[in-house]
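Down below is the structure, laid out as structure tokens.
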Amino acid sequence: VPALESSGTCPICGDGAAFVAHNPWLRDNFLCQRCGSLPRERALMAVLNERFPLWRQGVLHESSPVMRGVSSRLAAECPNYTPTQFYPDAPLGSAPQGVRCENLECLTFPDGSFDLHVTQDVLEHVLDPAAAFREIARTLKPGGAHVFTVPLVNKHWPTVVRARYRPDGGVELLAEAVYHGNPISEDGALVTRDWGFDICRFIFDACGLFTDTIIIDDLSRGIRAEYIEVLVTWKPRPEA
Ligand SMILES: [Zn+2]
């Protein structure tokens, strides 16, 4: 017997979708039976479609995508979609394997380049997230936004820093090393922060922008799981 099943409209692949989980950990197991998407991917796509319905006409950047789910649709339908990966050995701004190399902590894009930055479960792996949020803010156009998922695992407690840069640029571990899957490295990606809801304050302190935390629970769209908040950081337009 499945742990959970529902049917309805998949924000990624459309009407007539069925969603089934064979394991109670819905975050990684409540899959669309047609496109294979995860709940957090459907939540992010729903937010893009509802809040940024003109995303296909925008200039989009996605850091560190896995080419599935949302990322495949953005790549297929948005002519100005730029995916980037951080290859530690490649020059920033180069494209050694056909994909541009960028470090979120020091992007090579000019100020005001993008309507939307998209990241999916990336910001829990960045060693200097304040720098990343500043760079995201810098490279957004006025009126643009960063739309992202990140696991907010410490819902009612402060964010816990697990790893950070040492002054010499190396990595200092403050907690046991935990790794998530990494699309470009078999070593996995080190978890640097167990974020809490205080991430919004952290972003404001880093770059002066406000962030909305959007929680969707909607079985008709297959959106139910642990840690599927979608965050939207807004860069305001100058007042006229
Ligand atoms: Zn689907």
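The values are calculated or read from the model by the stated rules, or taken from the named source; none is laboratory data. Not measured: the values here are computed from a predicted model. Backbone-built Cβ (ideal geometry, glycine too); neighbour counts: all protein chains shown.
To keep it simple, each residue is scored yes or no on (1) under 14 Å from the mean Cα position of the chain (by Cα); (2) modelled with pLDDT of 95 or more; (3) acidic (Asp, Glu).
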{"residue": "ARG162", "(1), (2), (3)": "no, yes, no"}
{"residue": "GLY181", "(1), (2), (3)": "no, no, no"}
{"residue": "PHE210", "(1), (2), (3)": "no, yes, no"}
{"residue": "ILE214", "(1), (2), (3)": "yes, yes, no"}
{"residue": "LEU231", "(1), (2), (3)": "yes, yes, no"}
- Task: Output the residue which, of all residues in segment 1-53 that are basic (Lys, Arg) and more than 11 Å from the ligand (Cβ to nearest atom), is surrounded by the most Cβ atoms within 10 Å (Cβ to Cβ).
- Result: ARG40
- Filtering segment 54-84 down to residues that are without any contact (Cβ under 8 Å) to a residue 12 or more places away in the chain and small (Gly, Ala, Ser), which residue is surrounded by the fewest Cβ atoms within 10 Å (Cβ to Cβ)? ALA76
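Per-residue answers, yes or no, for (1) free of Cβ contacts under 8 Å to residues at least 60 places away in the same chain; (2) of a type outside the set (A, V, I, L, M, F, W, C):
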{"residue": "VAL126", "(1), (2)": "no, no"}
{"residue": "PHE148", "(1), (2)": "no, no"}
{"residue": "TRP157", "(1), (2)": "yes, no"}
{"residue": "ARG166", "(1), (2)": "yes, yes"}
- Task: State whether the residues of segment 116-124 include one that is modelled with pLDDT of 95 or more, surrounded by 19 or more Cβ atoms within 10 Å (Cβ to Cβ), more than 22 Å from LEU26 (Cα to Cα) and within 15 Å of the ligand (Cβ to nearest atom).
- Result: no
- Task: Taking the options CYS13, CYS35, name whichever one is over 18 Å from the mean Cα position of the chain (by Cα) and over 21 Å from TYR227 (Cβ atoms).
- Result: CYS13
- Taking segment 13-37 only, how many residues are closer than 9 Å to GLY222 by Cβ and touching a residue at least 24 places away in the same chain (Cβ under 8 Å)? 5
- Restricting attention to segment 48-70, the residues that are out of contact with any helix residue (DSSP H, G or I) (no Cβ under 9 Å at 6 or more places or on another chain) and of a type in the set (Lys, Arg) number exactly 1
